[in-house]
Amino acid sequence: MADLAQSADPVEIDQVIIRFAGDSGDGMQLTGDRFTAASAVFGNDLSTLPEFPAEIRAPAGTLAGVSAFQVHISDHDITTPGDAPNILVAMNPAALRSELHHLVDGGTVIVNTDAFEERNLTKAGYRSDPLTDGTLDRFTVYEVPMTTLTKDAVAPLGVKPRDAERSKNFFALGLISWMYTRPSEPTLLWIDEKFAKSPQVAAANRVAFTTGHAFGETAELFEHHYAVRPADHLPGTYTNITGNTALAWGLVAAGQLSGLPVFLGGYPITPASDILHELSKHKNFGIRTLQAEDEIAGIGAALGAAFGGHLAITTTSGPGIALKSETMGLAVSLELPLIIVDIQRGGPSTGLPTKTEQADLLQAMYGRHGESPIPIVASYSPSQCFDAAIEAARIALKYRTPVLLLSDGYLANGSEPWRLPDVDDLPDISVEFASEHNHTNSEGGAEFWPYLRDPLTLARPWAIPGTPGLEHRIGGIEKEDGTGNISYDPANHEHMVHVRAEKVAGIAHDIPPLEVFGDVDDAELLVIGWGSTWGAIDGAVNRCRNRGRRVAHTHLVHLNPFPANLGEILRRYPRVVVPELNLGQLSRLLRAEYLVDARSVTKIRGVPFTAGELEAAFLKEMDQ
């Protein structure tokens, strides 16, 4: 199938940031996703930021119902969805009012003029028409009657006008695809596959897309169309991937690498539900998923699966972590491998369920009663979620411990190109179950002690229930070291508390030393981050260094225990700043652990940092 024709000589640019915005029923997430997919096929580097309301269907035409999708494409490496869009596609007045402030001065606005009627203007809070009252004077504005053109184009198909209007997002996609010389074939093939069971819908969407593309080429409304060349990627097979999909695939890979069946017990919660959905598709890899009746049942089933010899996982967000905390403590006591995935979102309580935040770190560190340390691993980009999942599984299996894996809404829903790894390069995380007696009793007989530990890892043996001669008791009451018998002895309890803490602390010797990037030897400022702040920090540090400032950057994947060389790195630099999407949780931990003046740069608005925001914060810190 040939691509739609392109007019000659597009203007070459090295990058562009586009923001699609409309009512939550206008299909903006789909539009952005399809533009992203076409750009990935073309070979651009890219990063995305989907933003949508928490309500399933907010009142149409209101600010609360605006859904937006920002995509940054380039011919070079990028790490963020961009500070501010160059192009805003606004499908109605509410989208324009809600999103215009993001646009760079002199940027381009493409509006669906059919939606700018008095009723919609009023619902959006406009007292006059922004298309005529000077609101948009500092922008380049293209007024396109997208709804009318879409209805007229699909009318010969016999589509009802109300149904025809739903295809206007494909008109917008066709127009922007022409404007930035995106290949058409991936989108047209996707339409055919996605709507194969609804031929009329498929035909309407195809016609709308091709009409939008043709409008851009023939309307003589636009001065130019543009080309962004493919980025110079390493050779390999690439796919565009979201964080939740990458994390799910990482769990599938961990099951194969460990040789264990995988079990996920979970309860649907935004923004973690996609992991459950994705894993449920992979039964052929020995994956079992259970959608439990609540959060507590989900982790309870997962812990039972761990006892039965599975690679066990439960997925949730911050509110679910609170509900799972008692069973997490039980997993600490039982010393069984369990992965608890926390896709963080804005809180507290229901908070901002579709917005991002990094505010669960202290909950992950301390959110259980008693002394119950749990290793913490944090992903830092959508594609790195794959590696983080495997690392969480490695630690859980090797040390017989629950592990908290932290991601967030920005990583979960954001996407980027990912080079598929060579399977031979992935780690071997296979385990051996206990199969024979490991102790001799006072009478000289062989017996099994379920808490007799490996001297290097302090991990206890993992015996599958039903293994002859290895039957043993488990439960939440304190156990005697070695035998696993119930014990109320004060000295034994203190010993067990110390042993469990030492086991987790010892993981520091089994993780890579922390690396420092940038001006390693003579930086005037060290920036230390964790999680999804990585992309914005990387961009901001590079901008500061391009200004001639000396800045170093290090980023934590392991948050409990910290890497063994972290203290030495922190003491090497005169100033330390910690950007976080919370009120300074990591900085508190660093201050307490290493007695350094780690200063916080915080943001809690439900959206990630921009590189520009952090650049300004770093320069201010260095100029004090």
_If I compute solvent accessible area with a 1.4 Å probe over the protein chains, what percent of it on the range 376-472 is carbon and sulfur?_
48 percent
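Under a 1.4 Å probe, what is the accessible area of the range 62-171 per residue, stated in Å²?
For the range 62-171, the solvent-accessible area averages 43 Å² per residue.
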*asked:* Just want the answer: with Cβ charges of +1 for Lys and Arg and -1 for Asp and Glu, which residue in Phe517, Pro468, Thr483 is farthest toward the dipole's positive end in the range 416-562?
replied: Phe517
*Using every alpha carbon pair in the range 538-624, what percent of pairs falls into each 10 Å bin from 0 up to the bin containing the largest distance?*
15, 49, 33, 3
*Descending semi-axes in whole angstrom, ellipsoid equivalent of the range 425-577, from the Cα gyration tensor*: 47, 17, 12
*Rg(Cα)/(2.2 N^0.38 Å) for the chain, N = residue count*: 1.07
*Starting from the eigenvalues of the Cα gyration tensor, five times each then square-rooted, give me the equivalent ellipsoid semi-axes of the range 402-473, largest first, whole Å.*
41, 15, 12
_Only sites in a loop by DSSP and with at most 16 other Cβ atoms within 10 Å count here; which trypsin sites (Lys or Arg not before Pro) in the range 132-169 make the cut?_
Arg138
*Over the range 543-609, with every protein chain in place, what whole percent of the accessible area is carbon and sulfur at 1.4 Å, could you tell me?*
42 percent
_With DNA, RNA and ligands ignored, accessible area of Ile287 (1.4 Å probe; Å², nearest 10)_ = 10 Å²
*From Cα coordinates alone, what are the radius of gyration and Dmax values for the range 210-313 in angstrom?*
21.5, 68
*asked:* Need one value: the accessible area of Thr316 in square angstrom, 1.4 angstrom probe, rounded to the nearest 10.
replied: 0 Å²
*Please give the solvent-accessible surface of Glu357 in Å², to the nearest 10, using a probe radius of 1.4 Å with every protein chain present.*
10 Å²
*Which lysines, on any chain, are close to Lys324 with Cα under 29 Å apart, when same-chain ones fewer than 8 places away are left out?*
Lys281, Lys283, Lys355, Lys398, Lys479, Lys503, Lys603
*Spread of Cα-to-Cα distances over 10 Å intervals beginning at zero, given as percent, for the range 584-624*: 26, 44, 30, 0
*Can you give the translational diffusion coefficient of the range 294-399 in µm²/s, computed by Stokes-Einstein from the Kirkwood radius over Cα pairs at 10 °C and 1.306 mPa s?*
112 µm²/s
*Just reorder Leu420, Leu336, Leu149 by solvent-accessible area, largest first, 1.4 Å probe, all chains present.*
Leu420, Leu149, Leu336
*Taking K and R as +1 and D and E as -1, what net charge do the other residues with C-beta under 10 Å from the C-beta of Ile296 add up to?*
-3
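I'd like the FRET efficiency for Glu502 and Arg599, computed as 1/(1 + (r/R0)^6) with the beta carbon distance as r and R0 of 30 Å, rounded to 0.05. Mind showing how you got there, number by number?
On the way: r = 32 Å, r/R0 = 1.06.
It comes out at approximately 0.40.
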_Please list, by residue number, every one of the GluC sites (Glu not before Pro) in the range 214-288 that is coil in DSSP and has at most 16 other beta-carbon atoms within 10 Å._
Glu220, Glu223
_Total formal charge among the other residues, if their Cβ is under 11 angstrom from that of Gln70, Lys/Arg +1 and Asp/Glu -1_ = -2
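How much of the accessible area of the range 79-185, probe 1.4 Å, is carbon plus sulfur, in whole percent? Intermediate results must be reported in sequence, preceding the final value.
Details: 1940 of 4410 Å².
About 44 percent, which is the carbon plus sulfur part of the accessible surface.
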*asked:* Could you put Leu100, Leu595 in order of accessible surface area, largest first, with the 1.4 Å probe and the full protein assembly present?
replied: Leu595, Leu100
_For the range 112-263, take N as its residue count and report Rg(C-alpha) divided by 2.2 N^0.38 Å._
1.42
*First measure r as the distance between the Cβ atoms of Asp510 and Glu436, then evaluate 1/(1 + (r/R0)^6) with R0 = 35 Å and state the FRET efficiency to the nearest 0.05.*
0.85
*Could you give the spread of the C-alpha atoms of the range 386-511 along their three principal axes, from largest to smallest, in whole angstroms?*
63, 32, 27
*asked:* Taking θ = phi - 60°, what integer Hz values does the Karplus form 6.51 cos²θ - 1.76 cosθ + 1.60 yield along the range 471-483, in sequence order, with x for Gly and Pro?
replied: 4, 7, 9, 10, x, x, 6, 4, 10, 7, 4, x, 6
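The values are calculated or read from the model by the stated rules, or taken from the named source; none is laboratory data. Note that the structure is predicted; figures quoted are calculated from it, not measured. Note that each Cβ is placed from the backbone with ideal geometry, even for glycine, and that neighbours are counted across all protein chains shown. Each accessible area value is taken on the protein alone, full model and side chains, heavy atoms only, with ligands, DNA and RNA left out. Shrake-Rupley method; radii C 1.70, N 1.55, O 1.52, S 1.80 Å.
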